[in-house]
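**Q** To start, I am sharing the structure in question, which I have written as structure tokens.
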Amino acid sequence: AAAAAAGAAAAAASAAEASPATSAAGSPATSPKKKSIKKRASALGEAAGAKVGGEEGGEAASSPSPTKPKAKSKKKAASKDGEKEKKTKSKKAEKPAPSAAMLEALGEREPSAKEVKVAELPTEDVDLKTRALTNLKAVMESDGSPGELEAAIKVAQSEGANEAELAEANKSLEALKVRFLARDRLRQDAAERDVFRLRDAIAKAEELGLKGPELSEAKAVLKEEEPKQKARDALREAQDSGDTKKLKKALKAAKEAGLDPDEMQEYEELVAGAESKEKAEAALKAAIKERSIAGLKFAIEQAKEAGVDAAQVEKAVAVLKEEEPKHQARQKLEEAIELVACDKPAKDALKAAIKEAKAAKLEEAEYAEAAAALRREEEKERLLAGVKEALKETMTDVDMTNIDSVKAAKEKLSKAILEATTAGVKEVDLADAELRRKKLHNVVEDLKGSIRVFCRIRPLSSKEADAGDLQITKQTDSMTIKVGEKPENTFKFDAVFTPGTQDEIFEDCRDLVQSAVDGYNVTIFAYGQTGAGKTHTMYGSPELPGLVPRVAEEIFALLAKYAHEAQAVVKCSMFELYRDDLVDLFLPKARAKNPPNLDIKKDMKGSVYVDNATSRTTGSAEELLKAIQDGQDRRHVSATKMNSDSSRSHLIAILCIESTNKKTKQVATGKLTLCDLAGSERLKKSEATGEQMKEAQSINKSLTALGDVIEALTKHAKHVPYRNHKLTALLSDSLGGNAKTLMFVNCSPVGGNVDETGAALAYAARAKLIVNKVEKNQDSQEVARLKKVVQSLSSELDQAREGAGGAPAAPPGPVGAPG
């Protein structure tokens, strides 16, 4: 097993050292994060249906072919022995991977800060995976420890093995864990010498086919202890019967079985008492006084054998007859209360026990606890029924377009949930109601125009735990997060995930995709400290895709659903805001030497668009994913001490969805802006120097400008400084404009980052106060056409003025008008 595990580890090491710093062609390094969109596109492949509405082709570039992108692999930068490590300079690379901490917590391999990942040859990728799977099979056949097998599985995962290839190994791992637990239980029960538990443990071990010294030893202990247990049972049975002769016989058998003298002492004293009339009479009186069932039974038999006065014996018999029902009632009460303590259904058991207690004429105080528990159970049942009724009403009796109606339904459901929770109703029983409450809350926020803010806390990584870092964040409910112990550091948002799954995150955002298809402007952006998981949330990984690839698939799923009603065209533009420069990521290489001037403008309704930008028309989900991946490939990333794949720019994807109703000819134009902001960082912690330091300063400057806009909006200032930076100009319709906006604040749970986490949460709390004026973008077909003409003529006029040395075009306002 050790050899097999070593082989698996060798495969991992080989994978890390397999490639030089750059490919033979000198192509830029490829980040594992950027495989996400490609894999999603390939997975969709040819399964996509007919293209939905509109002609193919973009404004300045035609639709990309749906052919699958070539596979890429990772290579590690080689470094010379004895040389000092140099900081990895900022470079254009593929999509950045999730933060190191997020990767490690999710079981993905963490690249070192000095790695530079470049394209591998497909054959190398296959060889590494094959080698890892071969070693995995060897570990499985060796029947080693769960730890060895788990390590081999992780190596195979890191080399690209999929779930199907690992299914057998995962199944073997679970079986191996069960066998190890069974073996441990054998050892423990053998040491404790409990016959009943030992029998169960041996039966379980034999069922699993366990062999070895543990099983033999356990059987030997059981063989030794079974006669002793049998002797104990016989002694208790003899005591309960009150038969002295039977007890003497049981004592003799107990001595032969080797029972401990201390265990037999009590029974020997009972026998000795039976042999004396005086002692028997005293024992009878004591039993009557104590009113013990077992004591009375034995004392009565002793008294009869010793010739104690019949009147005294009859008195004891009467007490016994009175006490036996009470004893049974007390046992029932204890059992019912135990069910409550174990959080099991107890209502019927409590009712029956109380009824029996009353019939046995127990004092009310003796069943008062059970009566109180029954009242609590009935109250929980009543309150849960109230929650279900309120939930049902929100599904049928609420006008989801009327804010007062939605707000009243939300408040009623929230009150019902709070009362049920306070009464002790299980969270699992309230899950559906809680999900609906969050949905109603988001509808209210949308109708008010408020920005939604979701907080996501990444897990504490094993590296951080090993370093002694402590988790300082705590989720108090589904919408509240607390930092440290001070009550003033408690923040309430529209949802809190710690960290939640990628599926859960998208499910809470799905309705925004529907809004974009319906003709609204929608913005989703992620903000937070570097390494907090922003890119993982927005783009994810091949195994755990994030919001962007899921949004792309959802758009075309919705368009296919409504294809009989409307014809749709989906266009995509992508930009990188790097070192304060706005870069068109779709600009053809032929035009790269003399790129057009990108102007940030607003249309008549206040929607932001980028003039002179390149857009691509996409007719399927895989085409859209391919376009987004092309843009991702050109983004700047770099390694810092805080994050091995740190985004060095803000990445903005703008999706425009134009739907024309086939009957009414009404045109609805929705815009979906997806923004993965670069992370704020302290230079002291990231240790950025040179170009990286300039990048960090530029990032912090833009985020400061964003903070100034949020501050002005929350204070209802007359002037909002949107034009102080291109980032705020791009987001001006998202913050205080006409868009439905969702902000993710991604935070680290580590005590060492408490200042950054607190600042990010306070930043997000201020953003939560912003109110937008949400409007649907809908016009007649002719009006929509004329708007495009006006926009085109306006752009030509600006270009003519610039060429003639006239007044420059208007400075940037906020991005992405359709068309």
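The values are calculated or read from the model by the stated rules, or taken from the named source; none is laboratory data. On a predicted model such as this, the values are computed, not experimentally measured, just so you know. Note that we place each Cβ from the backbone using ideal geometry, even for glycine, and neighbour counts take in every protein chain shown. These area figures cover heavy atoms from the full protein model, side chains too; ligands, DNA and RNA do not enter into them. Shrake-Rupley method; radii C 1.70, N 1.55, O 1.52, S 1.80 Å.
**Q** Could you order the peptides 396-404, 310-318, 435-443 from most to least packed, using the average number of other C-beta atoms within 10 Å per residue? Walk me through the numbers before you get to the answer.
**A** Working: 396-404: 11.4, 310-318: 14.2, 435-443: 19.3.
Highest mean packing first, the order is 435-443, 310-318, 396-404.
**Q** Right, another one. Could you tell me what percent of the accessible area of region 506-624 is made up of carbon and sulfur, with a 1.4 Å probe and every protein chain present? List each step's numbers first, then the result.
**A** Working: 1860 of 3790 Å².
It is 49 percent, rounded to a whole number.
**Q** Probe radius 1.4 Å, ligands and nucleic acids ignored: give me the carbon and sulfur share of the accessible area of region 278-400 as a rounded percent. Show your work: numbers first, answer last.
**A** On the way: 3810 of 7590 Å².
For region 278-400, the apolar C and S fraction of the accessible surface comes to 50 percent.
**Q** What does the highest-first list of 323-329, 527-533 look like by mean Cβ count within 10 Å?
**A** On the way: 323-329: 16.9, 527-533: 27.9.
Highest to lowest by the protection proxy: 527-533, 323-329.
**Q** Could you please state how large a percent of the accessible area of region 140-198 is carbon and sulfur, counting protein chains only and using a 1.4 Å probe? Walk me through the numbers before you get to the answer.
**A** Numbers: 1670 of 3290 Å².
Of all accessible area on region 140-198, carbon and sulfur atoms account for 51 percent.
**Q** So what are the ³J(HN,Hα) numbers for region 590-596, from phi and the Karplus equation (6.51, -1.76, 1.60; θ = phi - 60°), rounded to whole Hz, Gly and Pro as x?
**A** Karplus values, whole Hz, x for Gly and Pro: 5, 9, 5, 5, 10, x, x.
**Q** Please list, in order along region 743-755, the HN-Hα scalar couplings obtained from phi with the Karplus expression 6.51 cos²θ - 1.76 cosθ + 1.60 (θ = phi - 60°), rounded to whole Hz, x for Gly and Pro.
**A** Running phi through 6.51 cos²θ - 1.76 cosθ + 1.60 with θ = phi - 60° gives 10, 9, 9, 9, 10, 8, x, 6, x, x, 10, 4, 5 Hz.
**Q** Compute, for region 244-343, the length of the dipole vector about the Cα centre, with Cβ point charges of +1 (Lys, Arg) and -1 (Asp, Glu) only. Units Debye, rounded to 20.
**A** So the dipole magnitude of region 244-343 works out to roughly 500 debye.
**Q** Thr523's amide H: which non-local residues (gap 5+, or another chain) put their own amide H closer than 5 Å, with H modeled 1.01 Å from N in plane and none for Pro or chain starts?
**A** Here the answer is Thr673, Lys740, Thr741, Leu742, since their amide H atoms fall under 5 Å of that of Thr523.
**Q** In terms of the Cα gyration tensor, with a ≥ b ≥ c the square roots of its eigenvalues, is region 336-465 rounded because a/c is under 1.5, prolate because a/b exceeds b/c, or oblate?
**A** Numbers: a/c = 4.22, a/b = 1.78, b/c = 2.38.
Taking the square roots of the gyration eigenvalues as a ≥ b ≥ c, region 336-465 is oblate.
**Q** Ranked from highest to lowest mean number of other Cβ atoms within 10 Å per residue, what is the order of the peptides 377-388, 405-416?
**A** On the way: 377-388: 16.7, 405-416: 18.6.
For the peptides 377-388, 405-416, the packing ranking is 405-416, 377-388.
**Q** Considering amide H positions built from the backbone, and no H for Pro or chain starts, which residues 5 or more places from Ile451, or on another chain, come under 5 Å of its amide H?
**A** Ile770, Asn772
**Q** Going out from 0 in 10 Å bins, what whole percent of all Cα-Cα distances in region 437-499 drops into each bin?
**A** 20, 41, 28, 9, 2
**Q** Quick one: 3J(HN,Hα) in Hz for region 613-621, Karplus 6.51/-1.76/1.60 with θ = phi - 60°, rounded, Gly and Pro as x.
**A** Computed from phi, the couplings for region 613-621 are 7, 8, 10, 10, 8, 10, x, 7, 4 Hz.
**Q** Could you report region 327-423's accessible area per residue, 1.4 Å probe, as an integer in Å²? Write down the numbers at each step before the final one.
**A** On the way: 6290 Å² over 97 residues.
With the other protein chains kept in place, region 327-423 gives 65 Å² per residue.
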